[in-house]
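Below is one structure, written out as structure tokens; comments come after it.
The values are calculated or read from the model by the stated rules, or taken from the named source; none is laboratory data. Fair warning: this is a prediction, and the values are worked out from it, not measured in the lab. Here the Cβ is made from the backbone with ideal geometry for all residues, glycine too, and neighbour counts use every protein chain on show. Side chains included, ligands, DNA and RNA excluded: accessible areas come from the protein's heavy atoms. Shrake-Rupley method; radii C 1.70, N 1.55, O 1.52, S 1.80 Å.
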Amino acid sequence: MSDVVIRAQRLGKLYRIGLRERQAHQTLRTVLSDLPRTAWRWMRRWSGQPAGTRKRPDNLLWALSDVSFEVERGQILGVVGPNGSGKSTLLKLIAGITAPTEGWIATRGRIGSLLEVGTGFHTELTGRENVFLNGAILGMKASEIRQRFDEIVEFSGIERFIDTPVKRYSSGMYTRLAFAVAAHLDPDILLVDEVLAVGDRAFQRKCLSRIENLRETGQTIFLVTHATATIQRYCTRAIRLENGRVIAIGAPHEIVEHYIQDVDGVSGRHPTPFIEVPPPDTKTLGQVVGILVMDDEDRERAVFRLGEPIRVRLTFELDEPCRQTVVALGLVTFDGVWLTTQWSESCDLGRGRYQVTFEFDAQFNSLSLQIGFGLSSQDVPVHSQHDLGKVVIQNVFTDGSRPRGDASNGVVVSRSRPGISPA
Amino acid sequence: MKLETPLDARVEQTTFQVGDARASEADRDALRSMPGASINRPPKGWPELQLRQIWAHRELIWFLGMRDVLVRYKQMFLGGLWAVMQPLAQMALYALVFGYIAKLKAENDLPYGVFIFAALVPWQYFANSMTGVSMSLVGNPGLLQKIAFPRLVLPFSSLISPIVDLTLATAIVVVMVLFYGPTPSWRILLIPAFYPLATLTAFAIGLWLAAINVRYRDVQHLIPFAMLFWFFMTPVVYSKQLVPHGVLSILLELNPMQLVTTGVRWAALGTDPPRLMSFLSIPGVLLILVSGLYFFRRSESSFADVV
């Protein structure tokens, strides 16, 4: 028997978005003036007609519709999707905070929902009092909280301030304490909504390693985050939502890659940004007129397989002469990390149009890369832009084989495989 | 450590029954592989009250109640003194207006201030409780939107903090009786016996108002008015004996708060005991309570969406 802990069937959630009439908070006046209509609706409902058939469709929003999936014990499920795609609504339905309009969702075991850090924290109370309050709100028993109190405080790292009212805390301390309580909740299913983005780096790392620990103990985790790198690193599966519908469920790196590609568009055509001299004497020095991404036979392409050579031809115009100019091509991940930069030779350039072709191999794991442009000369210190174009690299070698092992980890992929010999 | 029953108690703890029109064959098969699962599905019909879940959440009720108490008394220079000062000041004012100016007579020629105060204390408790209960949902939107728990926890927890004030004020009543009242008898021990009816009335009506308040904020403006009317329709600043016999006096007997104030006065000051007829109000309160519970449970599925 499969160990399914969450199962959703045709789940739908309808929200009424408040246009002028029928706001979320109605006032008695509107109710009274609507009374005849309301009475009529109730009569229809009692006479067996489905409610809501007459509702104006432009007031209604299906935050989720026809969502079906199942999750097995121990999975860490990442949820990606743009704002308003229904991610948070999904978590609320799993948690049971709100009821669906259609379909059903079944869950097995204790659910811990971390949809917001520090829900129920009261600023007048001390850290200690808030730990107990927040723990109880999150569903812990008082005995559990007492038992783990020291652990919680140690995790938060604010031992010295535990008896200070939290209104005197810095926002970082506040969130650390709140997360510490939540991290010591011991649910079978943990729902986390974009709360890892709090705290400093060290604390974030602590939280993520905590999530890894939870996975080892067989807990199921639902993670909603815009940090796609986190999903690729920690999740065992990913769901992509778009306009309230599930578009794809599958391996995290594939879901994330497709998501990024669709969001950013894979077009090979590019705007023509200006090269500007930075202030104080802001002026336009010239512009990039074209970026052409090609394979080694100069055919235009945007998608490459692992290890394939990629040529990028940059065409730019200069309105002013630039002495000792070098032009650079940068490869930037969509998280903003510069992977590598290649510089051209340095030379004096007059006005006019120039082009330069860079060549490199796609030794990167399944990734979308932005192409960056840099220019530096005696007259312009350094100028760079890193959203000029895009290259997509797929996690398949040119011979059709996939990288072996846990290939989804790491940015750079090496083909060479050292042999193992007796030492 | 792991609980057997899920904590998200708003979700029904049932599996689809055979013959349940809402479950297709495929649904039942899907669920058979998940024994003991809790199901979140569209609400339909009248809900069960599931009061056992409230009991299971008693710790949460206690912590939320203690939060109110702590927050109330923190950062207040005079602290618990306020619980006493407020009714004392009101007593002074009412005694001035009704006792000194209007020359109303207290029963048994008691000092008018003491006569008022004994009734003012349970009234204040009732007013605080009812306002607290009716504001308990709209005052905690974060909890409603982000946490799953039986929604009844909130109105229950808001009953806790008024009890602290009540306890302090009752102590003052006892002190006053010792100084100004008649020789106290064993009946003084019966003062608290009338408090639960005030609690029950406040909770029953507060439940209705709390659930309506989520959707219609007019309730907030309505409450102070309603309380003012109710206050003067309850023998607090005057003696019940002054009310002429007729429709009004009968209505007064059916007011549960009349039973409370008359009862407390009888216990503390030895005035006339409540009439038997006024106990008829108790079934009425229970009716409002039970219907309020159902109404609350029925409307709670949309609390998170509209609060």
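Rounded to the nearest whole Hz, the Karplus-based 3J(HN,Hα) values (6.51 cos²θ - 1.76 cosθ + 1.60, θ = phi - 60°) of region A:164-175 follow the sequence 9, x, 5, 5, 8, 6, 6, 4, x, 4, 4, 5, with x at glycine and proline.
Peptide A:183-189 has a mean shielding of 2, counted as Cβ atoms of other protein chains within 10 Å of each residue's Cβ. In this structure, the amide hydrogen of A:THR340, modeled 1.01 Å from its nitrogen in the peptide plane, lies closer than 5 angstrom to those of A:LEU331, counting only residues at least 5 positions away or on a different chain. At R0 = 56 Å, how high is the FRET efficiency between B:ASP29 and A:THR357 if r is their beta carbon distance? Nearest 0.05 is fine. In this case the efficiency is close to 0.40.
The string of couplings for region A:67-84 from the Karplus curve (6.51, -1.76, 1.60, θ = phi - 60°) is 9, 10, 6, 9, 10, 8, 4, x, 7, 10, 9, x, 10, 10, x, x, 4, x Hz, one whole number per residue in order, with x for Gly and Pro.
Counts of other chain beta carbons within 10 angstrom of each beta carbon in peptide A:141-151 average 1.
For chain B, the longest principal axis of the Cα atoms and the long axis of helix B:81-94 meet at an angle of about 50 degrees.
Backbone geometry of region A:328-335 corresponds, through the Karplus equation with coefficients 6.51, -1.76 and 1.60 at θ = phi - 60°, to 3J(HN,Hα) couplings of 10, 10, x, 10, 10, 6, 6, 7 Hz, x marking Gly and Pro.
Counting Cβ atoms of other protein chains within 10 Å of each Cβ in A:114-125 and taking the mean gives 4. Counting only other residues whose beta carbon sits under 10 Å from that of A:ALA106, what net charge do I get with K and R as +1, D and E as -1? Value of the local net charge: +1. Projected label points at A:VAL289 and B:LYS105, each 7 Å from Cα along the beta carbon direction, are separated by 11.0 nanometres.
In this structure, the amide hydrogen of A:GLU124, modeled 1.01 Å from its nitrogen in the peptide plane, lies closer than 5 angstrom to no residue at least 5 positions away or on a different chain. Database remark: amide H of A:PHE222 closer than 5 angstrom to the amide H of A:LEU77, A:LEU190, A:LEU191, A:VAL192 (H placed geometrically; neighbours at sequence offset of 5 or more, or on other chains; Pro and chain starts carry no H). Using the Cβ of B:MET66 as centre and a radius below 14 Å, the other residues enclosed give a net charge of +1, where K and R count +1 and D and E count -1. Accessible area of B:SER33 (1.4 Å probe, protein heavy atoms only, ligands and nucleic acids ignored): about 20 Å². Of the listed pairs A:LYS13/A:LYS92; A:LYS87/A:LYS206; A:LYS13/A:LYS87, which have alpha-carbon separations greater than 19 Å here? A:LYS87/A:LYS206, as the Cα separations exceed 19 Å there. Charge tally for A:ASP66 (other residues, Cβ to Cβ under 10 Å; Lys, Arg +1; Asp, Glu -1): +1. Chains B and A together bury some 4800 Å² of accessible area, summed over both sides, with a 1.4 Å probe.
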